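Working notes, beginning with the structure itself.
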Amino acid sequence: MLLKEFKESLAKKKNESEISLRRVEIFMEYEVGDIVRTKKQHPCGSKLWELTRVGVDFKLKCLGCGHVVVLERPKALKAITKKIK
């Protein structure tokens, strides 16, 4: 329902730059350097991760032990529960 309303509101916009800016605001909610919490904890016991790459893949660095993991964007978005910083 919300997606349909969003698409309709975009169709009403006349200025192409306004549309592209809105897409960036909605879809780019994470940035490199953000600290995030995940649903499941890492084997070291930490649930906190630092984002070191954001794009098609997310690269996360465990704040407990320093282990680096690369996840596909949809998997990473499901695993992340909230943004700390």
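I need the strands (runs of 3 or more DSSP E) fully contained in region 36-84, keeping only those with at least 1 residues that are in contact with a Lys or Arg (Cβ under 9 Å, 6 or more places away or on another chain) and in contact (Cβ under 8 Å) with a residue 24 or more places away in the chain. Reasoning before the result, please.
On the way: elements: 48-53, 57-62, 68-72, 80-83.
Hits in region 36-84: 48-53, 57-62, 80-83.
Scanning region 1-35 for residues that are in a loop (DSSP other than H, G, I, E, B) and of a type in the set (A, V, I, L, M, F, W, C), we see that the one that is modelled with the highest pLDDT is 32.
The values are calculated or read from the model by the stated rules, or taken from the named source; none is laboratory data. Remember, predicted model here, so these are calculated numbers, not experimental data. Backbone-built Cβ (ideal geometry, glycine too); neighbour counts: all protein chains shown.
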